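Structure first, then comments.
Each value in this text was obtained by applying a stated rule to the coordinates, not by laboratory testing. Worth saying up front: this structure is predicted, and the values here are computed from it rather than measured. Virtual Cβ from ideal backbone geometry, glycine too; neighbours counted across all protein chains shown.
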Amino acid sequence: MGNNDWKDRLNVVYSTNPDFHYETEEIVEVPTLPAGQQKLRVQLDRKNRGGKVVTLVSGFVGTDDDLKQLGKLLKSKCGVGGSAKEGEIIVQGDFKNKIVELLKREGYTQTKPVG
């Protein structure tokens, strides 16, 4: 009967069709673009953060692992915390100019500051 993992079928109630095969939606990760082709935007953000300023890097196209690796590099170079998820890197504090310089030094030539 093949793969009979019940976790893949959590939202299926019941089927009386003997030929029924539940198909799961596979999440396809986009391959990471080379650094020179990434169009990253760096901006400051204060929305929904209790008045605290964060530097937001958006526009990353690639896998979550590569995004987290780039986020880790930026956070360590700035000496602060933050997060990296859903194509965005959040670095705590106002590091817009420093992050633009770091990204260009790492080969992200199409990086632009916004605002």
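Here are a few things to note about the model shown:
- Coarse-grained scattering of the chain at q = 0.14, 0.15, 0.18, 0.24 Å⁻¹, given as base-10 log I(q)/I(0) from a Debye sum over alpha-carbon atoms: -0.63, -0.67, -0.84, -1.38
- Principal-axis tilt of helix 96-105 within the chain, Cα atoms, nearest 10 degrees: 80
- Helix-only [θ]222 nm of the chain, DSSP H runs n ≥ 4, -39500 (n - 2.57) each, per residue, nearest 500: -7000 deg cm²/dmol
- Most fluctuating residue given options ASN17, ASN97, ASN48, as computed from a GNM of the chain linking Cα atoms under 10 Å: ASN17
- Each Lys and Arg Cβ is given +1 and each Asp and Glu Cβ -1; about its Cα centre, the chain then shows a dipole of about 1160 debye.
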